[in-house]
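Here is the structure we will look at.
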Amino acid sequence: MISDEIEKLKKEIWSSFEKIEDLSQLESFRIKYLGKKGKITSFLKLLKDLPLEEKKLLGKELNELKDELEERLREKEREILFKEEDKDLGLDLTLPGRSLSIGTLHPLTQIIDELCQIFSRLGFEVVTGPEIETEYYNFTALNIPDWHPARDMQATFYLKNGALLRTHTSPMQIRAMLERKPPLRIVAPGKVYRCDADIRHSPMFHQIEGLMVDRNVSFSDLKGVLIYFAKEVFGEKTKVRFRPSYFPFTEPSLEMDIECVICKGRGCRVCGSAGWLEILGAGMVHPEVFKAVNYDTEIWQGFAFGLGIERIAMIKYGIDDIRMFFENHLLFLQSFK
Amino acid sequence: MKIPISWLSEFIELKVSPEEVAEILTMGGVEVENIERPYENLGELIAVKILEVYKPEDLKDLAVCKVTDGKETFTVLTTAKEQVKPNLIVGFAKPESLTFGFEKVEIKSVKNYKSYGMFLSSYEAGISEEKEKLLILPENSSPGESIYKILGISEIVLDLAITPNRGDLLSIFGVARELHTLTSWELKPLNFEKSLSLGEKFPGKIEILDPDGCFRYAGRFFGKIKVKESPFYIQKRLWLCGLRPINNIVDITNYVLLELGQPLHAFDWRKIEGKTILVRSAYPKERLLMLDGIEREFTEEDLVIADAKKAMVLAGIMGGEETGVSETTEDIFLESAWFNPKRIRKSSQRHKITTESSYRFERNIDPEGVIWGLLRASELILKIAEAQTYSEVIDVYPKPFSSPKINLPTQKIVKYLGFSVPSEEVEKILNKVGETKKTDHGFQVVPFSYRQDLKIPEDLIEEIARIYGYERIPSTFPESILYCKGPSKKLEFERKLRDILKSLGFSKVITYSFIDPKSLEKLNLRKEDRRLNFIELANPLTSIQSVMRTSLIPGLIETACFNFFREINSLKIFEIGKVFFPTNNLLADEPLYLGILLMGNANKENWYENLRKFDIYDLKGYLESLFKTLRINIDFKPYSSEPFLKKGASFDLYLNGEKIGFAGEIKSLILKEFDLKTCVFVGEINLEILFEKFERIEKELTIKRPPKYPSTFRDVTCIIKKEIKIGEILDFVKTLSIPYLEKVKCIKIYEGPPIPEGEKSITIRFWYRAEDRTLKDEEVNDIQDAVAKSIFNKFSAKPR
Ligand SMILES: [Zn+2]
């Protein structure tokens, strides 16, 4: 009986199908059963001599077998091809990749960015100004007349034409107030210069100056803003303290210390047993300064603050020699990625 | 200002430890920089035990002692021949330590004998006035231990940083008074013997001729004094404050200066011509040989104390040598004055002299302290210098000082501090700084004479906040309108620029704004080059930082050198910073520049590629990427005019016909001067011009939709003469106005066999695209054939 033959064929097909392992076996299998002279084709040819009913029935069965087989072979082929790709393990994956190196921004640039962003969040506008200044903007307008001993606090580089290299970013207070009408909020980062050079002092360094002028901005507000700043930079748990101090252009004046980040207040080489690190100077804008820019002190009051960028960086990163910032050793720069 | 705790205690009862006193002062605005222990600072002054003594024949006046410090045994030479004997425990200073007499101890040798330190007298150890007697320590002392520990002697000195507004704190008494203000601990009253205000008639004449320079001039004559060494307690106190004892008269003036803050000056009465003391401005070119041995020439702005004939003292600053007190002085005139702080400061600066006295006058002294100081010194002179006679006090005080009346409305305190300090507290505090009256709206304060720093209501508010305690004032957040301006376009541009360069692998450096003028010379600039017209510092720290940079290149090369000598063999750096050019007025032109530098290897040693050095195409490529990202068209015109660049590997950079910078390889000869044995490429761009352009482009920027239809490309490969530059061909292509052409690029250049010598094979690829349809092959072929033909004709090209 031909139907028995077909049953036998089926068994044969599926058992040899299971044995297919690679593409060449798959191809010979396909030829053997599905090719023009393949077994299924030969069977189909045999059918034409059978009675119609039987022809129909067996024909359907054979065609279904053919379809299923074709489907299974496609799957099998995909399976083999997938496995095929996993076969080559010849690459040495222990070799390093073709890497590209990205550059770095100078650590001081990064700190300046960070501080500007902090104050931008509080609505302070970032401004810049000249590094070569006049006595007027650098001293006189800031309530430091030329006979004032406070000038000793800042050893000044003079130029041969009588101008000077600004000793602090505070002249920007004057320039910003002259250019704007109150109320205002500015921060001014930039280079400043003093005749001083050792491992703690560089003749060129960076400061950032802040100024807020408004109708009711008070000493308490100054404290609030500075505490916010300290926590943003040094962490939420940072402890701060405020000490009275003196700057000719602020009254009252203060200095802010943070608890030493290295010894946590116990005293160490960096903070010199005090347990505190001086971070910035600030105060309420002195009426003489407002007078210099024609702001009515009956209406306007404000606060100003200034801090050294290098100092913040040295504390944050535990750097003990300020000169490293300006040597620009590539390995030093790259450690701030 | 050094404040010995023992001296401070004479004026105020300290109820807490020195550390706590320091804390109170610091938090009150008088910063204590250091808590010093001067005896410990001397170094190793220890007990040693004498083991053996011998007196060699060849050492006449010396004995050699073998001693032990408990660990080691060594020899010491001593002149105290008679006093030393075995088993004695004595005071000893090790090499490198200091004695009370400011002597540094060293290892000494006499003939073949060595002295590893010295035995101390009580005086040398700073314990008593005994100079000759050896400091002998108790028998049970252990060798090696500090003599001060053994004797239980200790002194603590607070080192204060006094802010320039608080001249009143430049004395022991002043600090005591401040502690009283901050704590309300009781101040011990100052007692000077009343009789001292009397005396014989003053045997001379005093006159103030320059009342602008001198506000008050007081003085007194003392007869038949004995100039000698000061008693030990005076010497010790001066020493604790860092001053050297000289003789009793000078020491007394210094002592009173430290104690009360009143500078004094003693004159040798015999040397005062005409017994006349004049306070006047100096004559032009008047000269005086001063105590530091320098003869100075004065101007009319200087204030001097003169006699009938000559200047004797540069007022408030330093005395002349001739009229000073010496061993032979018998009679003296003692000056106590109040000079104009501005005049003193100007003179002190003009002549570059700062003294304890000028320092205090500049910061303003207490007008009332003039007489106290004089009386205190009188007391000491009578006691210590054994003056036989003394005159009345002469006090020339033409315009007595009166403090301003400051009105302080309560409302202002609250508005300023953002906090209301209780009214009773305010009143209590204000009473500590001046005579205080309550008014309708607040207070009226007349500050005490020593608080001349208090002038305006804000000064009083600071006193209130300070004495109440900054820490006790709450912290709040300001209320303000929300409006604020973002960073300027220029700052954003700068940020964009550095972010691009960072992602291209460059590291940002910061170099000094001042440079060595020689570094510009090294660049071989032409004489008329604008960069040689630099701004010079009047007082540079060093010649290598003496002029303001006119280019970033010297700083970048220095940085390259620094790294090269630290085994960095590949460097990609940039700097964004100002350069400085003089203008017609005081301020400079400060344009922002970008400088970039490549040095050495373009890559690292790798398994996948060969090591190669940077070349000009790296530099050009980086700059092209930069400009492309900024969307700015820059012309790279070959052959820069910069004399320090290799002509054949350099460009001048143009923006719309304006030169904005340059880029290229630095000449080897210049690198040699820096000892740089590698290749260096640099570029510099004026960012001010670039920024203007960038701002305009940003404004006009519109984004196009990416193309819908595919592009197609055609290549032209041909052989041309080697000298023909690709740029020439591309420029020529531009003139052809080719339809649908999107992009042209040279994608291959080949020289060498089989291409004949002197020629090269090139491939140029043309991309075509239509916006509204897919181009047909035939259509593109037709266009391309014509293009190829023109190129072949124009450049006499041969087919490959
Ligand atoms: Zn610490």
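Specify which of the listed residues (A:Gly308, A:Gly265) is out of contact with any helix residue (DSSP H, G or I) (no Cβ under 7 Å at 6 or more places or on another chain), in the same structural domain as A:Pro149 (by the TED database) and farther than 23 Å from A:Gly190 by Cβ.
Within the list A:Gly308, A:Gly265, the selection yields A:Gly265.
Can you tell me which residues in the range B:689-710 are in contact with a helix residue (DSSP H, G or I) (Cβ under 9 Å, 6 or more places away or on another chain), under 24 Å from B:Leu552 (Cβ atoms) and among the acidic types (Asp, Glu)? Outline the logic, then answer.
Start the filter on the range B:689-710 by keeping residues that are in contact with a helix residue (DSSP H, G or I) (Cβ under 9 Å, 6 or more places away or on another chain), which leaves B:690-691, B:693-695, B:697-698.
Checking which are under 24 Å from B:Leu552 (Cβ atoms) leaves us with B:690-691, B:693-695.
Within the range B:689-710, B:Glu695 is the sole residue that qualifies.
Could you identify the single residue in B:Ile544, B:Ile515, B:Ile464 that is touching a Gly at 6+ places or on another chain (Cβ under 7 Å) and either surrounded by fewer than 16 Cβ atoms within 10 Å (Cβ to Cβ) or more than 7 Å from every other protein chain (Cβ to nearest Cβ) (or both)?
B:Ile515
Of these, B:Gly555, B:Gly505, B:Gly600, B:Gly577, which one is under 27 Å from B:Lys620 (Cα atoms), within 12 Å of another protein chain (Cβ to nearest Cβ) and assigned to a loop (DSSP other than H, G, I, E, B)?
Of B:Gly555, B:Gly505, B:Gly600, B:Gly577, the one residue that is under 27 Å from B:Lys620 (Cα atoms), within 12 Å of another protein chain (Cβ to nearest Cβ) and assigned to a loop (DSSP other than H, G, I, E, B) is B:Gly505.
Any idea which of B:Glu536, B:Glu609 is open to solvent by 60 Å² or more (accessible area, probe 1.4 Å) and more than 17 Å from B:Glu521 (Cα to Cα)?
B:Glu609
Yes or no: A:Ile174 within 13 Å of another protein chain (Cβ to nearest Cβ), more than 16 Å from the ligand (Cβ to nearest atom), surrounded by fewer than 23 Cβ atoms within 10 Å (Cβ to Cβ) and of a type in the set (Val, Ile, Thr)?
Judged against the criteria, A:Ile174 is not a match.
Scan the range A:137-150 for residues that are open to solvent by 10 Å² or more (accessible area, probe 1.4 Å) and facing chain B (nearest Cβ under 9 Å) and report the count.
Narrowing the range A:137-150 to residues open to solvent by 10 Å² or more (accessible area, probe 1.4 Å): A:137, A:140, A:143, A:145-148.
With facing chain B (nearest Cβ under 9 Å) added as a condition, the list becomes A:145-148.
Total satisfying the criteria: 4.
The conditions are (1) outside the structural domain of B:Leu676 (by the TED database); (2) closer than 27 Å to A:Leu330 by Cβ, and B:Leu482 fails exactly one of them. Which is it?
Exception for B:Leu482: condition (2).
Give me the residue from the range A:192-212 that is open to solvent by 20 Å² or more (accessible area, probe 1.4 Å) and among the charged types (D, E, K, R) and, out of that set, nearest to the other protein chains (Cβ to nearest Cβ).
Filtering the range A:192-212 for residues that are open to solvent by 20 Å² or more (accessible area, probe 1.4 Å) and among the charged types (D, E, K, R), the one nearest to the other protein chains (Cβ to nearest Cβ) comes out as A:Asp196.
For the structure I just gave you, tell me whether B:Tyr483 is open to solvent by 30 Å² or more (accessible area, probe 1.4 Å), more than 34 Å from the chain's Cα centre (by Cα) and without any contact (Cβ under 8 Å) to a residue 40 or more places away in the chain.
The answer is yes for B:Tyr483.
Can you name every one of the strands (runs of 3 or more DSSP E) wholly within the range A:241-310 that holds 1 or more residues which are at pLDDT below 95 and within 16 Å of the ligand (Cβ to nearest atom)?
A:250-259, A:276-285
Test B:Ile246 against the stated conditions and say whether it is without any contact (Cβ under 8 Å) to a residue 12 or more places away in the chain and either more than 37 Å from the chain's Cα centre (by Cα) or surrounded by fewer than 22 Cβ atoms within 10 Å (Cβ to Cβ) (or both).
yes
Take the conditions touching a helix residue (DSSP H, G or I) at 6+ places or on another chain (Cβ under 7 Å), within 30 Å of B:Tyr768 (Cβ to Cβ) and in contact (Cβ under 8 Å) with a residue 60 or more places away in the chain and apply them to B:Val716. Does it pass? Explain how you work it out, then say what you get.
Values: touching a helix residue (DSSP H, G or I) at 6+ places or on another chain (Cβ under 7 Å): yes; within 30 Å of B:Tyr768 (Cβ to Cβ): yes; in contact (Cβ under 8 Å) with a residue 60 or more places away in the chain: yes.
So B:Val716 passes the test.
Would you please name the residue that is farthest from the other protein chains (Cβ to nearest Cβ), looking only at residues in the range B:435-461 that are open to solvent by less than 10 Å² (accessible area, probe 1.4 Å) and over 15 Å from B:Pro404 (Cβ atoms)?
B:Gly442
May I ask you to list the residues in the range B:32-69 that are within 46 Å of the chain's Cα centre (by Cα), open to solvent by less than 60 Å² (accessible area, probe 1.4 Å) and under 24 Å from B:Ile150 (Cα atoms)?
Step one: of the range B:32-69, the residues within 46 Å of the chain's Cα centre (by Cα) are B:32-48, B:69.
Next, only the ones that are open to solvent by less than 60 Å² (accessible area, probe 1.4 Å) stay: B:32, B:35-36, B:38-39, B:42-43, B:45-48, B:69.
Those that are within 46 Å of the chain's Cα centre (by Cα), open to solvent by less than 60 Å² (accessible area, probe 1.4 Å) and under 24 Å from B:Ile150 (Cα atoms): B:Ile35, B:Glu36, B:Pro38, B:Tyr39, B:Leu42, B:Gly43, B:Leu45, B:Ile46, B:Ala47, B:Val48, B:Asp69.
Of all residues in the range B:572-586 being within 23 Å of the chain's Cα centre (by Cα) and not β-branched (Val, Ile, Thr), which is nearest to B:Ala602 (Cα to Cα)?
B:Gly577
Which of the helices (runs of 4 or more DSSP H) contained wholly in the range B:354-469 include at least 2 residues that are in contact with a Pro (Cβ under 9 Å, 6 or more places away or on another chain) and of a type in the set (A, V, I, L, M, F, W, C)? It would help to see each step written out before you state the result.
On the way: elements: B:356-362, B:369-384, B:410-417, B:423-433, B:457-468.
In the range B:354-469, the matching helices (runs of 4 or more DSSP H) lie at B:410-417, B:457-468.
Look at A:Arg215 and say whether it is within 11 Å of chain B (Cβ to nearest Cβ), farther than 25 Å from A:Cys116 by Cβ, surrounded by 19 or more Cβ atoms within 10 Å (Cβ to Cβ) and more than 13 Å from the ligand (Cβ to nearest atom).
It is false that A:Arg215 is within 11 Å of chain B (Cβ to nearest Cβ), farther than 25 Å from A:Cys116 by Cβ, surrounded by 19 or more Cβ atoms within 10 Å (Cβ to Cβ) and more than 13 Å from the ligand (Cβ to nearest atom).
Show me the helices (runs of 4 or more DSSP H) entirely contained within the range B:1-80 in which 2 or more residues are closer than 20 Å to B:Arg166 by Cβ.
Hits in the range B:1-80: B:5-8, B:18-27.
Step by step: first the residues of the range A:241-268, then only those that are among the aliphatic types (A, V, I, L, M) and surrounded by 20 or more Cβ atoms within 10 Å (Cβ to Cβ), then the one that is farthest from the other protein chains (Cβ to nearest Cβ). Which residue is that?
Here the answer is A:Ile258.
Would you mind stating whether B:Tyr709 is open to solvent by less than 50 Å² (accessible area, probe 1.4 Å) and touching a residue at least 40 places away in the same chain (Cβ under 8 Å)?
no
Is one or more of the residues making up the range B:559-568 over 17 Å from B:Phe674 (Cα atoms) and at the interface with chain A (Cβ under 9 Å from one of its Cβ atoms)?
No, the range B:559-568 contains no residue that is over 17 Å from B:Phe674 (Cα atoms) and at the interface with chain A (Cβ under 9 Å from one of its Cβ atoms).
Hey, among B:Gly293, B:Gly274, which residue is over 35 Å from the mean Cα position of the chain (by Cα) and open to solvent by 30 Å² or more (accessible area, probe 1.4 Å)?
B:Gly274
Among the residues that make up the range A:122-134, is at least one of them more than 9 Å from every other protein chain (Cβ to nearest Cβ), surrounded by fewer than 21 Cβ atoms within 10 Å (Cβ to Cβ) and part of a helix (DSSP H, G or I)?
The answer is no, given that none of the residues of the range A:122-134 is more than 9 Å from every other protein chain (Cβ to nearest Cβ), surrounded by fewer than 21 Cβ atoms within 10 Å (Cβ to Cβ) and part of a helix (DSSP H, G or I).
Would you pick out the residues in the range B:520-533 that are open to solvent by 30 Å² or more (accessible area, probe 1.4 Å), in a loop (DSSP other than H, G, I, E, B) and closer than 14 Å to B:Lys667 by Cα?
Selection gives B:Asn524 alone.
Could you check, for the range B:420-434, whether at least one of its residues is farther than 16 Å from B:Leu182 by Cβ, within 13 Å of another protein chain (Cβ to nearest Cβ) and over 33 Å from the mean Cα position of the chain (by Cα)?
The answer is yes, given that some residue of the range B:420-434 is farther than 16 Å from B:Leu182 by Cβ, within 13 Å of another protein chain (Cβ to nearest Cβ) and over 33 Å from the mean Cα position of the chain (by Cα).
Answer yes if at least one residue in the range A:321-329 is within 16 Å of the ligand (Cβ to nearest atom), of a type in the set (S, T, N, Q) and over 19 Å from B:Arg466 (Cα atoms), and no otherwise.
No: the range A:321-329 contains no residue that is within 16 Å of the ligand (Cβ to nearest atom), of a type in the set (S, T, N, Q) and over 19 Å from B:Arg466 (Cα atoms).
The values are calculated or read from the model by the stated rules, or taken from the named source; none is laboratory data. Small disclaimer: the values here were computed from a predicted structure and weren't measured. Glycine also receives a Cβ, built like all others from the backbone with ideal geometry; neighbour counts cover every protein chain displayed. Areas reflect the complete protein model, heavy atoms only, side chains present, ligands, DNA and RNA absent. Shrake-Rupley method; radii C 1.70, N 1.55, O 1.52, S 1.80 Å.
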